[in-house]
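Have a look at the structure below, then the notes.
The values are calculated or read from the model by the stated rules, or taken from the named source; none is laboratory data. Every value quoted in this text rests on a predicted model; they were computed, and no experiment measured them. Cβ sites come from the backbone with ideal geometry, for glycine too, and all protein chains shown count toward neighbours.
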Amino acid sequence: MSAAPFPAAAIAGVRAAARDYLRITGSAEDAVIDRLAASALALAEAYTGTAILARPHEAMMAASGEWRALPVGPVSAIVAVAPVTAIDIDADGTGWVRMAAASPVHFTAGIAATWETVPAAVAQGVVVLVAHLFDQRTASAAPPAAVGALWRPWRRMQLTGARR
């Protein structure tokens, strides 16, 4: 699966929040913080199984007459092109497709349109992780447990073999 890069405005929003959290007033560390922001957002998505910021995604789907769930959500739109034979999006944002042949499926997924609309707990976890990564650049300390605690309610688990 691949996703479009995080929007520049979102990275800038994370940077501003992290600079406030770290009490950094200058801009000398902005490039480092931007890289850490992208990493923290990617880790948040990997941990939660949820796209944090709405943007285009692509997933390679196998041929199957059965309904197959898209690997990340919540899905807001699926671009249906052959060999997709059917599409559906559940109320919880799970995207489903039936495929006549193996092919990539293009879709849009995310819980928030902008950094400012990311749920507070998810955003705080991202900022805390950025601060931790910034402070521990030369160490190998584990991230604070608070990060997982903030993100856990947003975690989407999918049981293997789950069917529609």
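Odds and ends about this structure:
- Conditions (1) in contact with a strand residue (DSSP E or B) (Cβ under 6 Å, 6 or more places away or on another chain); (2) free of Cβ contacts under 8 Å to residues at least 40 places away in the same chain; (3) surrounded by fewer than 17 Cβ atoms within 10 Å (Cβ to Cβ): number failed by VAL97: (3)
- Count of residues meeting criterion [in a strand (DSSP E or B) and closer than 24 Å to ALA113 by Cα] in the stretch 61-70: 1
- Set ALA10, ALA69, ALA40: member being touching a Phe, Trp or Tyr at 6+ places or on another chain (Cβ under 9 Å), at pLDDT 95 or above, within 22 Å of PRO153 (Cβ to Cβ) and not hydroxyl-bearing (Ser, Thr, Tyr): ALA10
Condition check ((1) over 14 Å from the mean Cα position of the chain (by Cα); (2) within 30 Å of ASP20 (Cα to Cα); (3) surrounded by fewer than 20 Cβ atoms within 10 Å (Cβ to Cβ)) across all residues:
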site: ALA86; (1), (2), (3): yes, no, yes
site: HIS106; (1), (2), (3): yes, no, yes
site: THR114; (1), (2), (3): no, yes, yes
site: VAL127; (1), (2), (3): yes, yes, no
site: GLN136; (1), (2), (3): yes, yes, yes
site: PRO143; (1), (2), (3): yes, yes, yes
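- For the stretch 39-84, filtering for residues that are buried (at least 16 other Cβ atoms within 10 Å of the Cβ) and either among the acidic types (Asp, Glu) or under 14 Å from LEU129 (Cα atoms) (or both) leaves 6.
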